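Report on the structure given below.
Here, each number is a calculation from the coordinates, and none is a lab measurement. Small disclaimer: the values here were computed from a predicted structure and weren't measured. When we count neighbours, we look across all protein chains shown, and the Cβ atoms used for this are built from the backbone with ideal geometry, even at glycine.
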Amino acid sequence: MSGSGKTWAWVIAIAAFCGVSAAAEAAIHHAPVIILGSKIRAASRYPINTYRLFRTGNNGMAEPIPFQIDEINEWGDYVLDQGGDITKNTGNGIFDLQDELVFMGDDVGPSTPPTAWPDGQVPAIVYELRMKFQKPDGAKPQVFQQEGAVYIAVYFRKPPKPSTKAPYVVFDTARGEVVTTRYRYEFDKKNYLVVNGVDMLRRPMPGSPPSSTPVDRVPLINTSTFYMKADLKYFVTVAANHRSVDSKIEAFKQGPVRSIVRVSFFYSFLKLKFELGMYTEVSFFPNSVVLPAILYNPLDGPNALNKGSGFYYGFSVKEHLDSYNIATNMETFEKQSIFSMLKSQPKKESLYWLSITKPDRMMYLEVAPSPEMTKVGNIPLLYSEKTDGEFLKSRSNDDPKELGLSPVNIALYFDLTKFGKGEHRLAIKLFFENYFDQAVLESFRDVGFWEPEVRRM
């Protein structure tokens, strides 16, 4: 595991962002804001390089903030301009309705239009993008204010330089690492579908002396793995894990707010190559990872597989699980037995979540199966094992192992007999923060209730 001062220099350079500044306290939340062009039609349609994003400072001056516009092509894929040509030339350079405007909730300011612009460069067009919290039960947002705004500026002549802040996210391709203002995520280079370590920068407590070490880390995850067991009726039982799958990074895009990495993967089944999951596009933000997975199942699970066939994705959390406070709305995974059929079916939710917290850290996992998956009960179950990462190192991470024998102490499990043949969509979000605040934790869950409104100034 790499942890050199050079790698962490990126974190130190932008560590000021880790503290909650006065500006951030006036923001709407700490999560990323992702807005489709179709949600703000009035402000779309112009060349991407003509846009800048601002918040209003205390003196009425427009302050540039980091943002990016990520193009999505006609097939629904991100236009990624680095690492490969697979989607590089499929964009048109225009902020279209399917494209995404991305910035951080920390950078959202008051709903007060600017009265002055940097260097006197007045934009040709200004739109106010107001974010309002609209929860069906009328509840107010956690932590911060109920609304805020950023200002979209369009320049047709020589736009000003973008925000001079250091990028919030850096993808180090040589090391296979993503380093952000909150955490360091190391890919397993043998398989980019799993992680080889996640650490966070420790957040200095008020009044605490400077750290005696160059970088003081919060240990989170050693490794991750996935496992599949397919017990085919009248045929054979097949087991596979991340070492059974070939993967590669096909392309990526680095931006100031998020890096997007496209990973393709293939599985060798009875010496035949077929696409197990085709590809996935992982988004890395300053405090979160977003994985909109598209899983392709070549088998008709309900008719082709026996009970006990399953799939899980799990982590080796470094410190003992007993030292964490764990909360979830997921049902507990239990091995199949003759009593399994007597149990009631797990409750169907539109969103499944898990939080793992300590006073100096919190990890929040959110899983949203497609409506089609939820309808047939194809939902995640939670497995946890009261062990720590050091103990799990005695278990091999190379051979396929069932839960209880593999090097994971927390995992999400899916019943493969409920996977029909074809594509299945599964959205996964993982948030990291280097402090604990229950209200902030709950605000992550409520991010979907912020609605954008745009008007031309």
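Some observations on this one:
- Euclidean distance between Cα centres, the range 149-179 to the range 366-384, Å: 35 Å
- Percent RCO, i.e. relative contact order, over the range 169-444, from Cα pairs under 8 Å lying at least 6 residues apart: 21 percent
- Least to most buried among Thr87, Thr181 (fewest other Cβ within 10 Å first): Thr87, Thr181
- For Ile86, distant residues with modelled amide H under 5 Å away: none
- Where labels lie 7 Å past Cα in the beta-carbon direction, separation of Glu402 and Lys348 in nm: 2.9 nm
- Using a Förster distance of 22 Å, the FRET efficiency for Ala439-His320 (Cβ separation, nearest 0.05): 0.25
- Excluding same-chain neighbours fewer than eight residues apart, the lysines reachable from Lys88 by a Cα-Cα span under 28 Å are Lys39, Lys158, Lys161, Lys165, Lys189, Lys190, Lys248, Lys253, Lys273, Lys429.
- Distances between placed amide hydrogens fall under 5 Å for Val195 paired with Asp188, Ser224, all partners being 5 or more residues away or on another chain.
- By the beta-carbon count within 10 Å of each Cβ, the least crowded to most crowded order of His30, His424, His320, fewest first, is His320, His424, His30.
- Amide H within-cut-off set for Arg202, under 5 Å, with H built and near neighbours excluded: Asp216, Arg217, Val218
- Under the simplified labelling scheme, the Arg243-Val122 pair shows an inter-label distance of 6.7 nm, with each label point 7 Å from Cα along Cα→Cβ.
- The magnitude of the dipole of the chain, with charges of +1 and -1 set on the Cβ of Lys/Arg and Asp/Glu and taken from the Cα centre, is near 240 debye.
- Part-to-part distance (alpha-carbon centres) for the range 439-457 and the range 41-118, which is given in Å: 17 Å
- The label-point distance for Asn49 and Arg455, in a model that sets each label 7 Å from Cα toward Cβ, rounds to 3.4 nm.
- Estimated from the Cβ-Cβ distance and a Förster radius of 25 angstrom, the FRET efficiency linking Phe391 and Lys190 is about 0.60.
- Estimated 222 nm signal from helices in the chain, with DSSP H stretches of n ≥ 4 weighted -39500 (n - 2.57), rounded to 500: -1500 deg cm²/dmol
- Taking the number of Cβ atoms within 10 Å of each Cβ as an exposure proxy, the fewest-first ranking of Ser247, Ser323 is Ser323, Ser247.
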